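Notes for the one structure printed next.
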Amino acid sequence: MSSVEKTAPSSPPAAARPRPRPGRSRLQRSNQRWGLLFCSPAILGILLLTVYPVARSFQQSLTTSTMMTDGRFVGLQNYRDLLTDGAFWQALGNTVFILGWSLPLSIAFALVLALLLNMRVRGRSVYRVLFFLPSIVPLVASAVVWSYVFNPQHGVLNSLLGTVGITGPSWLSDPDWAKPALVVVAVWGVGSLMVILLAGVQDVPAQLYEQARIDGADAFSRFRNVTLPFMSPHLLFALVTGVIAGFQYFTEVFVLTDGTGGPAGSTMVAGLYLYQNIFYFFKTGYASAMAWVLFLVAAAVALVLFRTVGRRVYYGGS
Amino acid sequence: MAGTETALAGATVEPPRDERTLATDPPASVRRPRPWTWLLTALAKHAVLIGLSVVFLIPLAWMVTGAFKTAADLNATPTVWWPDQITFDNFTQAAQLFPLARYFLNTAVICLLSVVGAVASSAMVGYGLARIEWRGRTVLFVIILATTMIPFYVTMLPVFEIYRTLGLTNTWVPLVLPQFLGVPIYIFLLRQFLMSLPKELSESARIDGANEWQIFVRVILPLVKPALVAVGLFQFLASWNDFLGPLIYLSDSRLYTISLGLNFFKGEYSSEFGPLMAVSTLTVVPVVVLFFFAQRTFIEGITLTGVKG
């Protein structure tokens, strides 16, 4: 109230003032001020933490700048260098490998868990907690624990494999098994996706199941023709956000490999290679170009998924 | 990005409900299978669920038991599952090897400041978007959502440069300040809540002579307390778990958070499994305790925003 009364009398007559639109009332003008005031933190945040950084990042990607110097303008040279940088392509390949295995496995696993928990079972909420728990474990703690689980001599995994007569690999120190080990760690955190899908399963109209049952549909065809269509928006959501998150994969691999991406570069993912280029090699111009290429690749993959998988999504539900 | 709208359509946009009913279960009278089939399916369900949950919990059990095992048990060649003798040596050893208490205190302070910032700023912005009619609010809302589509690796370096220019690297400011500038997912969450409140609440307060700020603080905020608690909880977790921020900004080891400290601890003493598991356990405990106290808030919040906890 105070600001309205203070400004209104002192402002010049309405006719002399430029007005954004004729007929804007006093209330509307007051609302405009209050709205901007309430939203000012976000406006400042967007300018400072997104708009400027995005512009600056693109500008830097066209220069030879390092952490210490601004460098000179070289056009698209950094992008051309990326095309022939074998380490970058290997990092991209590793990222896609881990994403390509862990995302479908996670989604399938989360869906199975959600369907199981949606059935009438005693102790449903206890199971839900148990499956959810790993996904809230802090990433660094989880990586440290997994490094112990995967330890070839003293770890629980190879000890378990030993009891059934399998000699386990040395996991994180074996170039062939390090990536599968990371996939296991990723799938372990499936709990939050399970919760999202469980909410989706519970939104499927019950009478449709009844109808299907009366029509003689068996469990599989009820899943195929009732559950799956109603779940498809949730599954597409999981797929797209999963792809975007997969290209940002960093913390687990950093902690598990002490920032090296080893052994023999087998776990060097794009996020880590980019981090190294900035904070180890100080090649900030090059790293900026890399960030844009990564962003474009991630966006392209998400777009392709929308165009292909998204076309089959059923929006009649929610 | 094209993702925004559909992604939001996927995450159910509605105020939280009370414990959901089992929509897919028909009433008991409709389906009356023979007792033995019922028993068999129930057994099969539980067998699968118990089997899977045991697999899921092995790493955590391994962590907790490891924290209390003696050095001899930890290094025994046929793996010792359950320690004969419980010891607290790993905790004392960890406290000697690195400043555990300081790291926990640092993390707690960062978490507290971040929670205050995130709740206050996101509530303000959410209110401005949901309950004040001004030109540009829809555009701003779309822009806020669009910023969530930009990956951290694009903005990470320029933001780092801003703080470096201001001389704020190696302080906690870069870890806390962004939360005071409105966090998009929380703004989204609170906006949904605020829009669901009837307009008449504000109207009657306005007739009584209250201005927007007074309506916000006295009338509306008390009504959305559960949502504010949810936001606080999520921010606490996010700050407690944050690794990249401290990794980039903190070089003075006295400022380290527990996650950053644990990472360097692992790098230096990678075979000291006892103390490592002790510290990991201590890092996990606050999160698990919080979760048990606020289970419903967690689950509803994740369902609403689709955010990973």
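A few remarks follow.
- Scanning the stretch B:61-82 for residues that are within 31 Å of the chain's Cα centre (by Cα), among the hydrophobic types (A, V, I, L, M, F, W, C) and more than 7 Å from every other protein chain (Cβ to nearest Cβ) returns B:Ala61, B:Val64, B:Ala67, B:Phe68.
- Single condition B:Ser270 does not satisfy, out of (1) within 9 Å of chain A (Cβ to nearest Cβ); (2) among the hydroxyl-bearing types (Ser, Thr, Tyr); (3) assigned to a helix (DSSP H, G or I): (3)
- Of all residues in the stretch A:66-83, one or more are among the polar types (S, T, N, Q), touching a residue at least 12 places away in the same chain (Cβ under 8 Å), outside the structural domain of A:Phe237 (by TED's automatic domain parsing) and not in a helix (DSSP H, G or I).
- With respect to the conditions (1) under 23 Å from B:Val176 (Cα atoms); (2) part of a helix (DSSP H, G or I), B:Phe265 falls short on a single one, namely (1).
- Within the stretch A:253-308, considering residues that are touching a residue at least 40 places away in the same chain (Cβ under 8 Å), polar (S, T, N, Q) and closer than 23 Å to B:Phe265 by Cα, the one surrounded by the most Cβ atoms within 10 Å (Cβ to Cβ): A:Thr267
- When A:Leu157, A:Leu161 are checked against the criterion of being within 25 Å of A:Gly265 (Cβ to Cβ) and among the hydrophobic types (A, V, I, L, M, F, W, C), a single residue qualifies: A:Leu157.
- Of the residues making up the stretch B:116-153, those that are more than 9 Å from every other protein chain (Cβ to nearest Cβ), over 30 Å from A:Ala291 (Cα atoms), touching a helix residue (DSSP H, G or I) at 6+ places or on another chain (Cβ under 7 Å) and β-branched (Val, Ile, Thr) number 1.
- For the stretch B:50-89, residues that are of a type in the set (S, T, N, Q) and under 21 Å from A:Leu157 (Cβ atoms) total 5.
- Any chance A:Leu197 is assigned to a helix (DSSP H, G or I) and under 22 Å from A:Thr227 (Cβ atoms): yes
- Residue in the stretch B:32-46 that is over 20 Å from A:Ser147 (Cβ atoms) and modelled with pLDDT under 70 present: yes
- Taking the numbered list (1) within 13 Å of chain B (Cβ to nearest Cβ); (2) more than 30 Å from B:Ser121 (Cβ to Cβ); (3) without any contact (Cβ under 8 Å) to a residue 40 or more places away in the chain in turn, A:Thr63 passes all entries but (3).
- Residue in the stretch A:115-137 that is at the interface with chain B (Cβ under 7 Å from one of its Cβ atoms), within 23 Å of the chain's Cα centre (by Cα), of a type in the set (A, V, I, L, M) and not in a helix (DSSP H, G or I) present: yes
- Evaluation of B:Gln295 against (1) under 20 Å from A:Val195 (Cα atoms); (2) in contact (Cβ under 8 Å) with a residue 24 or more places away in the chain (one fails), failing number: (2)
- Residue that is farthest from A:Gly285 (Cα to Cα) [pool: residues in the stretch B:160-179 that are surrounded by 21 or more Cβ atoms within 10 Å (Cβ to Cβ) and within 11 Å of another protein chain (Cβ to nearest Cβ)]: B:Gln179
- Qualifying helices (runs of 4 or more DSSP H) (wholly inside the stretch B:127-193; at least 1 residues being over 21 Å from the mean Cα position of the chain (by Cα) and under 23 Å from B:Ala230 (Cβ atoms)): B:137-147
The values are calculated or read from the model by the stated rules, or taken from the named source; none is laboratory data. The structure displayed is predicted, hence computed values, not measured ones. All Cβ positions, even for glycine, are placed from backbone atoms using ideal geometry, and neighbour counts span all protein chains on display.
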